[in-house]
Amino acid sequence: MIHNDELRAWAKDAYTTEAATELLIRAFGGRFASLGKPWVKKEKDTENAWINFEQIPDRLGGLSGGERRLLLLAASIAEVDFDLVLGDVLPGLDRPVLDLVLAAVAHAGGSHEHSDLITNTDGTDSIRRLSSLYPWPNEG
């Protein structure tokens with residue numbers, strides 16, 4: 001999808017923003033990353049899309065508990081400053097959303113960029129790139 005690619009390009013190189021954006025793109029069929037949501041913006045002059053995560057906590061009326069939890073987690077991962085108690089939002093997430101949240105936390109922490117120093121059989125050292133601690137599930 002072109003819109004999702006625009007959002008990913010906007011978020012690129014800021015792990016927390018990448019993770020929060022990907023969470024909105026993948027959860028609930030991507031409807032919380034779609035144009036028309038009050039926090040999804042499109043620049044008039046450039047047509048570039050972006051997400052104003054700071055608007056999310058104040059615009060959750062009419063949503064289910066699971067949807068509100070996901071959106072609050074995404075805003076928190078994107079470094080929006082508001083009170084969030086993980087013990088209040090994690091219970092009640094359904095399994096597919098929890099799978100995405102775990103991947104988002106691993107991505108925000110930079111685990112997809114971690115490396116390890118290993119000693120080779122000849123005694124030399126080399127750097128090995130590690131895989132993500134918890135990779136994003138396949139989009140279905």
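The values are calculated or read from the model by the stated rules, or taken from the named source; none is laboratory data. This structure is a prediction, so every number in the text was calculated from the model and none was measured. Positions of Cβ are backbone-derived with ideal geometry, glycine not excepted, and every protein chain shown enters the neighbour counts. Each accessible area value is taken on the protein alone, full model and side chains, heavy atoms only, with ligands, DNA and RNA left out. Shrake-Rupley method; radii C 1.70, N 1.55, O 1.52, S 1.80 Å.
Output the residues belonging to region 107-140 that are closer than 16 Å to Ala27 by Cα and hydrophobic (A, V, I, L, M, F, W, C).
Residue satisfying the conditions is Trp136 alone.
Take Asn138 and tell me if it is without any contact (Cβ under 8 Å) to a residue 40 or more places away in the chain and within 15 Å of Leu23 (Cα to Cα).
Considered against the rule, which asks whether it is without any contact (Cβ under 8 Å) to a residue 40 or more places away in the chain and within 15 Å of Leu23 (Cα to Cα), Asn138 comes out as yes.
Please work out which residue is surrounded by the fewest Cβ atoms within 10 Å (Cβ to Cβ), limiting yourself to region 123-140 and to residues that are touching a Ser or Thr at 6+ places or on another chain (Cβ under 8 Å) and part of a loop (DSSP other than H, G, I, E, B).
It comes out as Leu130.
Please work out which residue is nearest to Thr17 (Cα to Cα), limiting yourself to region 111-122 and to residues that are at pLDDT 90 or above and in a loop (DSSP other than H, G, I, E, B).
Going through the qualifying residues, I end up with Asn120.
Taking Pro57 as the residue in question, decide whether it is farther than 25 Å from Asp5 by Cβ and touching a residue at least 24 places away in the same chain (Cβ under 8 Å).
yes
Report, by residue number, each residue of region 34-51 that is open to solvent by less than 40 Å² (accessible area, probe 1.4 Å) and under 12 Å from Ala78 (Cβ atoms).
Trp39, Ile51
Mind checking which helices (runs of 4 or more DSSP H) fall wholly inside region 25-110 and carry at least 3 residues that are modelled with pLDDT of 95 or more and small (Gly, Ala, Ser)?
65-77, 95-108
Given Ser115, Ser111, which one is open to solvent by less than 50 Å² (accessible area, probe 1.4 Å) and either aromatic (Phe, Trp, Tyr) or without any contact (Cβ under 8 Å) to a residue 60 or more places away in the chain (or both)?
Criteria check complete, one pass: Ser111.
List pairs: first residue in region 26-38 and without any contact (Cβ under 8 Å) to a residue 12 or more places away in the chain, second residue open to solvent by 40 Å² or more (accessible area, probe 1.4 Å) and not in a helix (DSSP H, G or I) anywhere in the structure, Cβ distance under 9 angstrom, at least six positions apart or on different chains.
Cβ pairs passing all conditions: Arg31/Lys37; Lys37/Arg59.
Please go through region 64-77 and pick out each residue that is closer than 20 Å to Tyr15 by Cα and open to solvent by 20 Å² or more (accessible area, probe 1.4 Å).
Of everything in region 64-77, those that are closer than 20 Å to Tyr15 by Cα and open to solvent by 20 Å² or more (accessible area, probe 1.4 Å) turn out to be Leu72, Ser76, Ile77.
Quick one: in region 8-24, of everything that is open to solvent by 60 Å² or more (accessible area, probe 1.4 Å) and assigned to a helix (DSSP H, G or I), which residue is nearest to Glu113 (Cα to Cα)?
Among residues in region 8-24 that are open to solvent by 60 Å² or more (accessible area, probe 1.4 Å) and assigned to a helix (DSSP H, G or I), the one nearest to Glu113 (Cα to Cα) is Tyr15.
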